[in-house]
Amino acid sequence: MKIATVREFRDKATQMFRSEEPILVLRRGEIAGLYFPYPHKTLPVELKRQLFEEITRSVAERLAQVGLEEEEILEDFEAFQARRRR
């Protein structure tokens, strides 16, 4: 298993994604993430569903922590798009 800092992982991500060994990513000495190369081109449907559910739950928890509603995010995004088009 390779160990990399967040900065190193960011700077060399393309190269690291080609690796066949797992990569433990650390931020200030603590685990920030773990990358496991997946040997197949696609994920099984059940794994995709589990990932979607986990990500959805995680995002919902984070939004609740900071007190944001979905409508506020959509309004902010629309305002950003309008500014960007000018």
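The values are calculated or read from the model by the stated rules, or taken from the named source; none is laboratory data. Note that this is a predicted model, so its numbers are computed, not measured. Glycine also receives a Cβ, built like all others from the backbone with ideal geometry; neighbour counts cover every protein chain displayed.
Any residue in the range 34-41 that is modelled with pLDDT of 90 or more, among the charged types (D, E, K, R) and out of contact with any Gly (no Cβ under 6 Å at 6 or more places or on another chain)?
The first filter runs over the range 34-41 and keeps only residues modelled with pLDDT of 90 or more, leaving 34-35.
From what's left, among the charged types (D, E, K, R): none.
Scanning the range 34-41 turns up no residue that is modelled with pLDDT of 90 or more, among the charged types (D, E, K, R) and out of contact with any Gly (no Cβ under 6 Å at 6 or more places or on another chain).
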Within the range 45-55, identify whether any single residue is under 16 Å from Met1 (Cβ atoms), within 15 Å of the chain's Cα centre (by Cα) and hydrophobic (A, V, I, L, M, F, W, C), and answer yes or no.
no
